[in-house]
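Engineer: First, the structure itself, so that you have it in front of you.
Since every read-out is calculated from the coordinates, none of them should be taken as a lab result. Only a predicted model underlies this, so the values are computations on that prediction, with no experimental measurement involved. Positions of Cβ are generated from backbone atoms using ideal geometry, with glycine treated the same way; all protein chains shown enter the neighbour counts.
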Amino acid sequence: MRKASYKKLWKILIDKDMNKKMLGKAANVSTTSISKLSKGESVTMDVLIRICDVLDCDIADIVELTHVEDD
């Protein structure tokens, strides 16, 4: 099974000296969606696109698929 990982997003934020709250405000993304990203949960494609617009990047730059062991 595969799952989305947002580690790349957090690295970009560090490089841009930006925190999650600043990202949410700049991308008009709710605190709930930012929280979901922090927990590695699913968010809408619209949220990811708005984040990419603010960070001037592609979706592949902020999210990657990782393998997860089935229990």
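Engineer: What number, in percent, do you get for the relative contact order of the chain if the mean sequence gap of Cα pairs under 8 Å and at least 6 apart is divided by its residue count?
Structural biologist: 54 percent
Engineer: Next question. Note down the net charge around A4, summing +1 for each Lys or Arg and -1 for each Asp or Glu among other residues with Cβ under 14 Å from its Cβ.
Structural biologist: +3
Engineer: Local charge sum around T66 (other residues, Cβ-Cβ under 13 Å, Lys/Arg +1, Asp/Glu -1)?
Structural biologist: Around T66, the surrounding residues sum to +2.
Engineer: If you don't mind, there's one more thing I want to ask. Need the full-extension length gain, K3 to M45, defined as separation in residues times 0.36 nm minus the C-alpha distance. One decimal, nm.
Structural biologist: Computed gain between K3 and M45 is 13.6 nm.
Engineer: So how many Lys-Lys pairs in the chain land under 14 Å Cα to Cα, not counting same-chain pairs under 8 apart?
Structural biologist: 12
Engineer: Need one number: nm distance between label points at M22 and C57, each 7 Å from Cα along Cα→Cβ, rounded to one decimal.
Structural biologist: Distance between the two pseudo-spin positions: 1.4 nm.
Engineer: Using the charge dipole of the chain (Lys, Arg: +1 at Cβ; Asp, Glu: -1 at Cβ; taken about the Cα centre), state which of S30, W10, G40 has its Cα farthest towards the positive end.
Structural biologist: Sorting the options by dipole projection puts first S30.
Engineer: Still on this structure, I have one more. Please give me the summed charge of the neighbours of D56: other residues whose Cβ is under 14 Å from its Cβ, Lys and Arg +1, Asp and Glu -1.
Structural biologist: -2
Engineer: Can you figure out the FRET efficiency of H67 with S38, using R₀ = 25 Å and their beta-carbon distance, to the nearest 0.05?
Structural biologist: Between H67 and S38 the formula returns 0.75.
Engineer: Rounded to the nearest 500, what is the 222 nm mean residue ellipticity of the chain from helices alone, with -39500 (n - 2.57) per DSSP H run of 4+ residues and division by all residues?
Structural biologist: -14500 deg cm²/dmol
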